[in-house]
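Novice: Have a look at the structure that comes next, please.
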Amino acid sequence: MPDPRRDSPPVQREMPLATLHGEPVVDLPEDLYIPPEALEVYLDAFEGPLDLLLYLIRRQNLDILDLPLVEITSQYLHHISLMEELKLELASEYLVMAAMLAEIKSRMLLPVPEEEGEEEDPRAELVRRLQEYERFKVAAESLNNLPRLERDVFEFALDTRDLSVPRPLPKVGMQDLLMALEAMLLRAQYSVAHQIETESLSVQDRMSEILDRVDSSESCLFTSLFTAQEGRPGMAVTLLAILELLKLGMIDYRQEEYDGPIIIFRRLHGADEEAAHA
């Protein structure tokens with residue numbers, strides 16, 4: 001039997017305007033009054049009359065040293081009237097600047113008497129103030145673009161006193177043993193002594209010596225087990241004794257850091273290991 005819910009077209013529900021006490025509100029209240037001036041946006045915000053003048057000059061790409069006072073004054077007064085229509089609070093500085101522009105405009109329109117000679121440009125003082133304000137404004141923008149702490153850059157602190165990072169010991173392979181032996185053989189070439197009497201070397205005796213050495217000091221360096229005066233035969237016997245003890249599981253070796261010295265120590269078994277841990 002076909003499902004009637006699958007054949008019916010999907011119905012789009014009306015989105016709620018708000019949620020009040022957990023219940024969606026779909027219709028506006030009938031007694032809700034929204035004044036016509038509830039939402040008015042005025043994007044151009046200026047920090048003062050000089051900032052407004054500099055904005056008008058930059059917007060039209062005018063030369064600040066040769067200002068067209070008639071056009072600038074009319075645009076300035078237009079912005080003043082626009083701010084009054086939007087009911088923005090006007091500071092007295094804007095009105096003072098408007099009066100100054102009107103005065104400069106009137107002085108430029110009036111003819112200059114010939115007996116007074118050349119008069120100073122009425123715009124000079126205004127241009128000087130605009131140039132000084134522009135320098136400080138550019139410097140302030142440059143400082144504001146610098147990375148600021150707690151705005152662009154944030155401090156990061158981590159307490160590492162309770163952190164315990166395990167440092168696994170590097171693995172020691174046969175290649176490391178051969179490299180250590182090669183270094184000892186190279187050192188033995190420069191310390192060969194003349195032997196008058198030959199001495200028989202036994203692997204079993206050297207194994208006992210190595211065990212006594214390890215038991216007495218708990219651990220020793222791999223290189224300290226070799227004697228340069230014995231030459232190559234003595235080193236070969238020592239290496240065979242070490243390998244035999246490793247094979248029997250009576251000693252072990254480790255390397256506490258990469259490319260560091262190899263340490264030989266006695267391997268504990270059964271009750272000895274439990275006693276050591278206890």
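The values are calculated or read from the model by the stated rules, or taken from the named source; none is laboratory data. Computed from a predicted structure; not experimentally measured. Here the Cβ is made from the backbone with ideal geometry for all residues, glycine too, and neighbour counts use every protein chain on show.
Novice: Go through the range 161-187 residue by residue and tally those that are among the hydrophobic types (A, V, I, L, M, F, W, C), out of contact with any Phe, Trp or Tyr (no Cβ under 8 Å at 6 or more places or on another chain) and not in a loop (DSSP other than H, G, I, E, B).
Specialist: 7
Novice: Turning to a different aspect of this structure: Can you tell me which of (1) part of a helix (DSSP H, G or I); (2) surrounded by 10 or more Cβ atoms within 10 Å (Cβ to Cβ) is the one Cys220 doesn't meet?
Specialist: (1)
Novice: Another question, if that's okay. Taking the conditions exactly as written (modelled with pLDDT under 80 and either of a type in the set (A, V, I, L, M) or not in a helix (DSSP H, G or I) (or both)), does Glu118 satisfy them or not?
Specialist: yes
Novice: Something else: Residues in the range 238-261 that are surrounded by fewer than 17 Cβ atoms within 10 Å (Cβ to Cβ) and among the hydrophobic types (A, V, I, L, M, F, W, C): how many?
Specialist: Residues in the range 238-261 being surrounded by fewer than 17 Cβ atoms within 10 Å (Cβ to Cβ) and among the hydrophobic types (A, V, I, L, M, F, W, C): 5 in total.
Novice: Condition (residue is part of a helix (DSSP H, G or I), on the phi < 0 side of the Ramachandran plot, at pLDDT below 80 and surrounded by fewer than 16 Cβ atoms within 10 Å (Cβ to Cβ)) applied to the range 202-209: is it met by at least one residue?
Specialist: Within the range 202-209, not a single residue is part of a helix (DSSP H, G or I), on the phi < 0 side of the Ramachandran plot, at pLDDT below 80 and surrounded by fewer than 16 Cβ atoms within 10 Å (Cβ to Cβ).
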